[in-house]
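Take a look at the structure below.
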Amino acid sequence: MDHDAAVGTEPPPTATRSGLRALAFGATAAVCAAVVVLLGIANPPAPDGVSTDRLGPDTGETIAVYLDRARASLSGTDDSDRWALVSFAGYRPAAALPGLPDGVRVSQALYQVPLPRVAAPLVAVQVPAEATALTRSGTDAAWQLADRRRYAADGTRGAQVLDVSIARLRAGCACSPGLVVRAPLSRLRELAGRPGVRAVQALPADAVAERFAVAPLLPDSADPVAPRPDDGPVPAG
């Protein structure tokens, strides 16, 4: 009887091998995890690039304070190229955008159709270095909004705002509040003194393209700066 009991409690060979394999797998997994942790400590991942650069007034900032801040950004003797925001005193049509000083390269033409108490979208049109690019940028802005319109349900306020914005841009409206340019400080100071230019704000020389936010000072912006009210009727066409 003792012999039978001893035999009955001995694990089958197959079960023993399975248990050993499970223990080996667990030990291997633990070693791998430790290696991964150690590698992570020795070689931490590079942090995502976060940029705080911004062109344009901050929400709640008074226009006078922003204008002073923009003027201060143009001071200095360094004459390396800078990214800068040009804000107009009044909305301009695309046809009136050319004619900047030599050495000023336009990167983006900005468009926002002015609608009383209606929040219209801001559009940034990339401008290639060619003579006709600025004059056709209003039409390009309309095409960008037409792409958005495909995803807006008919009859909604958003669709109505897009429809009127597209129509006015295609008609050549005075709808550009400003430009994003690149130029040396000396050229930017010259540009700031031109009639119809309300402000020119430059970023530091080490600012990286497409790594900064842009919010132009609108000609009809509230003071202090605030989002446009969106409680008015949307005009037709």
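The values are calculated or read from the model by the stated rules, or taken from the named source; none is laboratory data. All values reported here derive from a predicted model rather than from experimental measurement. In this analysis, Cβ positions are derived from the backbone assuming ideal geometry, glycine residues included, and neighbour counts consider all displayed protein chains. For accessibility, only protein heavy atoms count, side chains too; no ligands or nucleic acids. Shrake-Rupley method; radii C 1.70, N 1.55, O 1.52, S 1.80 Å.
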Please give the peptides 205-215, 84-94 ranked by average Cβ packing (other Cβ atoms within 10 Å per residue), highest first, as a rough proxy for protection.
84-94, 205-215
Which whole-number percentage describes the relative contact order of the stretch 154-237, with Cα contacts under 8 Å and a sequence gap of 6 or more?
46 percent
The alpha-carbon center of the stretch 62-102 and that of the stretch 166-237 are separated, in whole Å, by 9 Å
FRET efficiency for residue 136 and residue 65 from the Cβ-Cβ distance with R0 = 22 Å, rounded to 0.05, comes out at 0.05
The answer for the stretch 128-228, accessible area per residue at 1.4 Å probe in Å², is 49 Å²
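Give, rounded to the nearest 20 debye, the magnitude of the charge dipole that the stretch 150-224 has about its Cα centre when Lys and Arg contribute +1 at Cβ and Asp and Glu contribute -1 at Cβ. Write out the running numbers ahead of the final one.
Numbers: 10 positive and 7 negative charges, 46 e Å.
With Lys and Arg at +1 and Asp and Glu at -1, about 220 debye.
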Any idea which of 224, 184, 234 is furthest toward the positive side of the dipole for the stretch 164-237, if Lys and Arg beta-carbons carry +1 and Asp and Glu beta-carbons -1?
184
Roughly how many debye, to the nearest 20, is the charge dipole of the stretch 102-212 about its Cα centre, given +1 on each Lys and Arg Cβ, -1 on each Asp and Glu Cβ, and no other charges?
260 debye
